[in-house]
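Just so it is clear, none of the values below were taken in a lab; they were calculated from the coordinates. Everything quoted here is computed from the prediction, not taken from an experiment. Positions of Cβ are backbone-derived with ideal geometry, glycine not excepted, and every protein chain shown enters the neighbour counts.
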């Protein structure tokens, strides 16, 4: 499974304005709505699902990365948004560090497999320090998509 298979190319936020966990999640859900991936009427339902997941334990995995995610019947296929924060956001990370790189995942209610594979794929790629630093240095959507695509291709060869 490749990130580009489920990442919405129109739901990339290069400079997140949000400074708080819930605001970041709202901003990324908004990006998915604006990209046409999710219907506007599902906004609050999705926010509730994502915040309920955060209440179980932070989805910030450390090293400046957070992967907020939830399952919902609002989507029929796995979909993701990407966000970059220049300032960093306190996301209750395991290592106490702010998060700069965000992948927000929404999976269909009954899809355990693809959902878990996507989470594993993202976290595996983001373990690479050079990849994280390359993403953080991006100034536009095009360079973000290029770096993610290149990394996707590379990791499939291994």
Completion exercise
Note on region 70-154: contact order normalised by length, alpha-carbon pairs under 8 Å, 6 or more apart, percent, works out to 28
Handout entry: Principal axis dimensions, region 1-89 - Cα atoms, whole angstrom, descending
Key = 31, 27, 27
Handout entry: Hull-based mean projected area of region 97-158, where the convex hull spans the alpha carbons, in square nanometres
Key = 5.3
Completion exercise
Counting only DSSP beta bridges with both partners in the chain, the antiparallel fraction in percent, to the nearest 5, comes to 45
Handout entry: Modelled FRET efficiency - R0 41 Å, residue 77 with residue 129, Cβ distances, 0.05 increments
Key = 0.85
Exercise for the section: May I ask for the Rg/Rh ratio of the chain, computed from Cα atoms with Rh as the Kirkwood radius, given to two decimals? Expected result: 0.92
Exercise for the section: Note the full-extension length gain between residue 153 and residue 109 as 0.36 nm times their separation in residues minus their Cα-Cα distance, in nm to one decimal. Expected result: 13.0 nm
Exercise for the section: Determine the relative contact order of region 3-157: mean sequence separation of Cα pairs under 8 Å and six or more apart, normalised by residue count, in whole percent. Expected result: 26
Fill in the blank from the handout: Which of 40, 26, 71 fluctuates most in a GNM of the chain (C-alpha springs under 10 Å)? That residue is 40
